[in-house]
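Where a number appears in this text, it was derived from the coordinates with a stated rule and is not lab data. Please read all numbers here as calculations on a predicted model, not as lab measurements. Note: ideal-geometry Cβ built from the backbone for every residue, glycine included; neighbour counts use all protein chains shown.
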Amino acid sequence: MNQLYRSALFVPGSRPERFAKALASGADAVIVDFEDAVEEGLKAQARAQLGIFFDLHPSVQVWVRVNAATHAEHTADLAFCSDRPQVSHVVLPKAESHGQIIRAAATGKPVVPIIESATGVLQLGEIARSPGVATLAFGGIDYALDLNLNDGTPGATFALDQARLAVVLHARSAGLAAPLDGVFPAIADEAGLRAAIGHARDMGFAGTLCIHPRQVAPIHAVLSIDAAQVAWAERVVAQAAQNAGAFQLDGQMIDAPVLARARRLLAQPSADLTAG
């Protein structure tokens, strides 16, 4: 099975003093950002600073969000990723075509395309099936801007969820790991973050992109199974070992799909292991 990521934490490439803190956050992946978080005049400097950090910490592993395929720094960003073994994944923003994926995959690193536009959604089939794609991510903020959605309205929510569903479906159809949802921008709103992550989880996302270390623990808590779920799944699996075919447990029919769900739950992190 492809590896699942619950949290992928952005850190600006222009803020090297934050790299170590991000890596110590407990996030499943750290994304050093060369794109939106770095002002235009500091793009080359961000690459240089990450290179220095790698020289000082040769064993680290990070993802890098390169600038978009249409940006002047895109080629230099890809060359940097190709040359550095500490870059484990290339995150491609505003992904819109098979050709863009192929170019990013030429770095030799798995690619995580972020779907952030109408064109990206309409090209999801070819993007998801492009060689080198590890999983997909959804960028809801840029997508809403591209479609001129009225933020916070039922219509906007419906449109965003339609795109989310398309991302989940195409990731599944292409045999990719379950995708990552977009960032929740209100850093201080933990209740809102938990609600958003729960919604994404219920739609089939494995995790989410995030922008602050304090978001990591709540994300992991929401995406972890609790003790009651673990106990149920363990009982199902134990009873299945003693029964051929379907059987009843607590008045519920347990057949192959339910057993598969129980085994999948037991493969997920549990809350007591991720509370910190």
Practice prompt. Read phi for every residue in segment 24-37 and hand back ³J(HN,Hα) as whole Hz from Karplus 6.51 cos²θ - 1.76 cosθ + 1.60, θ = phi - 60°, with x for Gly and Pro.
Written response: 8, 6, x, 4, 5, 8, 10, 10, 7, 9, 9, 9, 4, 7
Worksheet entry | Sequence-distant residues sharing a close amide H with Ile254 (under 5 Å, placed H) | Phe247, Gln248, Leu249
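Taking neighbour counts of Cβ atoms within 10 Å as a proxy for exposure, in what order, fewest first, do Thr107, Thr119, Thr153, Thr208 appear? Write down the numbers at each step before the final one.
Working: Thr107 22, Thr119 14, Thr153 10, Thr208 27.
The most exposed by this proxy come first: Thr153, Thr119, Thr107, Thr208.
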Response to the item:
The summed charge of the Asp142 Cβ neighbourhood (under 10 Å; Lys/Arg +1, Asp/Glu -1) stands at -2
Discussion item. Whole-Hz ³J(HN,Hα) for each residue in segment 188-202, computed from phi via Karplus 6.51 cos²θ - 1.76 cosθ + 1.60 with θ = phi - 60°, x for glycine and proline: what do you get?
Written reply: 7, 8, 5, 4, x, 4, 4, 5, 5, 5, x, 5, 5, 4, 5
Practice prompt. Would you look at the GNM of the chain, springs on alpha carbons closer than 10 Å, and say which of Asp83, Asp255, Asp28 moves the most?
Written response: Asp255
Discussion item. To make sure I understand the rule: partners must be aspartates and glutamates, Cα under 12 Å from the Cα of Lys43, and not fewer than 8 residues away in the same chain. Which ones qualify?
Written reply: Asp33, Glu35, Glu73, Asp77
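Tally Lys/Arg at +1 and Asp/Glu at -1 over every other residue whose Cβ is under 12 Å from the Cβ of Leu4; what's the total?
Here the charged neighbours net out to +2.
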Worksheet item: In a GNM of the chain with a 10 Å cut-off on Cα contacts, which of Ala260, Ala163, Ala37 has the highest mean-square fluctuation?
Response: Ala260
Worksheet item: How many angstrom separate the Cα center of segment 149-204 from the Cα center of segment 45-82?
Response: 28
Worksheet item: Using θ = phi - 60° and the Karplus curve 6.51 cos²θ - 1.76 cosθ + 1.60, what whole-Hz ³J(HN,Hα) does each residue of segment 85-97 get, with Gly and Pro shown as x?
Response: x, 6, 8, 8, 9, 9, 9, 9, x, 6, 5, 9, 7
Worksheet, complete the sentence: If one compares the long axis through the Cα atoms of helix 227-240 with the longest principal axis of the Cα atoms of the chain, the angle in degrees, nearest 10, works out at 60
Worksheet item: How far is helix 256-267 tilted, in degrees, relative to the longest principal axis of the Cα atoms in the chain, given as a value from 0 to 90 rounded to the nearest 10?
Response: 50
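Local charge sum around Gln123 (other residues, Cβ-Cβ under 11 Å, Lys/Arg +1, Asp/Glu -1)?
Values: positive: Arg129; negative: Glu96, Glu126.
Every neighbour counted, the sum reads -1.
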Response to the item:
Sorted by chain and number, the residues with a modelled amide H under 5 Å from that of Val30, at a separation of 5 or more or across chains, are Leu9, Trp63
